[in-house]
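Written out below as structure tokens is the structure these notes cover.
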Amino acid sequence: MKELTNNKKQFFEIAQKLVNFNKISHAYLIEIGDYDQDIPYVLDFIKMILCPNKKFSFNSNCSECNICELIQSGNYPDLMIVEPDGQWIKKNQLLALQSEYQNKSLLGNKRIYIIKNADRFNASSANTILKFLEEPEDDIIAILLTTNRYHVIETILSRCQILTLANTEDVDFEIDDNLFQLMKFIVQKDQLFICYNEIVENILPDKGVAKEKFSQVSSILLSYLDFLSGKVDFFDEQLLSILSNLDMDKILDIVALIEEEVRKLEYNVNYKLWLDALFAKLIGGGCND
């Protein structure tokens, strides 16, 4: 496997866990940095899903089936790519996609479609793709691509699991008492409302602090996944003591929920109502609702 940047290693590791644990979603939104550079990694993700041999290696084929080679060469019959017709993705393009996917898979495998520039739906095409996403079939997977998830219509974004290939800065922060307490509250779940006033007054007093703290929580959880997978040999002992009861599925669910909910702070939302909703989802386990 060729040398990958940290963000792409993280994408690879999360994607591999999703496949290995059969946690494949019906819809993904992948935030990318550059279409030309990152499309090969998207195709690699598709190979991971479809290859019967489950031999995962970025930028290569398994050499034991023709599926990987067909995907790499752009000739896989059950993979369609939609991109804007002019400035927008248009309704007729999506109707044609839906019509095509009413047919059975030619290879008896999952059918996948990629939509480039998922931030360029107009009102008509957005309604059309929403109907497709809201009534998913077991053998159809949507992969939507964008260079900025915050430009994607919220109703579309909320129906997708978010992954990222975009470059992100390495996070270097001190795990202070407030962050440690927040991690404990999230893991213990029921403490979120029991200690609500303490959390609001001392740990998450406003939107800005909340964005920072929850971003740090996500980073810690992803680092813990690295520790579990053997990528890193050391993990903070205090954090290890409170995270050891979380399995991989739960960690991925919490990270996905935080990604989805923190994005809403970009809009003019009532902070207290937002926090109440987030806590309720963390307690109820509604990370994929």
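The values are calculated or read from the model by the stated rules, or taken from the named source; none is laboratory data. The model shown is predicted, which means the values in this text are computed figures rather than measured ones. As a convention, Cβ positions derive from the backbone with ideal geometry for all residues, glycine included, and neighbour counts pool all protein chains shown.
Can you report the number of residues in region 24-54 which are surrounded by 15 or more Cβ atoms within 10 Å (Cβ to Cβ) and not in a helix (DSSP H, G or I)? I'd like the intermediate steps shown before the answer.
Just the residues of region 24-54 that are surrounded by 15 or more Cβ atoms within 10 Å (Cβ to Cβ), to begin with: 25-33, 38-39, 41-51.
From what's left, not in a helix (DSSP H, G or I): 25-33, 51.
Counting residues in region 24-54 that are surrounded by 15 or more Cβ atoms within 10 Å (Cβ to Cβ) and not in a helix (DSSP H, G or I) gives 10.
Count of region 67-107 residues, restricted to those that are more than 15 Å from Thr128 (Cα to Cα), not in a loop (DSSP other than H, G, I, E, B) and not hydrophobic (A, V, I, L, M, F, W, C), is 4.
Somewhere in region 98-110, is a residue in the same structural domain as Tyr41 (by TED's automatic domain parsing) and over 22 Å from His26 (Cβ atoms)?
The initial filter retains those residues of region 98-110 that are in the same structural domain as Tyr41 (by TED's automatic domain parsing), namely 98-110.
Next, only the ones that are over 22 Å from His26 (Cβ atoms) stay: none.
No: region 98-110 contains no residue that is in the same structural domain as Tyr41 (by TED's automatic domain parsing) and over 22 Å from His26 (Cβ atoms).
If you go through region 193-211 and keep only what is under 23 Å from the mean Cα position of the chain (by Cα) and buried (at least 18 other Cβ atoms within 10 Å of the Cβ), you end up with just Ala210. A single member of Thr128, Thr155 is of a type in the set (S, T, N, Q), closer than 30 Å to Lys213 by Cβ and in the same structural domain as Phe12 (by TED's automatic domain parsing), and it is Thr155.
Matching residues to (1) closer than 19 Å to Glu154 by Cβ; (2) under 24 Å from the mean Cα position of the chain (by Cα); (3) surrounded by 15 or more Cβ atoms within 10 Å (Cβ to Cβ):
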site	(1), (2), (3)
Lys213	no, yes, yes
Leu225	no, yes, yes
Glu259	yes, yes, yes
Val262	yes, yes, yes
Tyr267	yes, yes, no
Leu278	yes, yes, yes
Lys281	yes, yes, yes
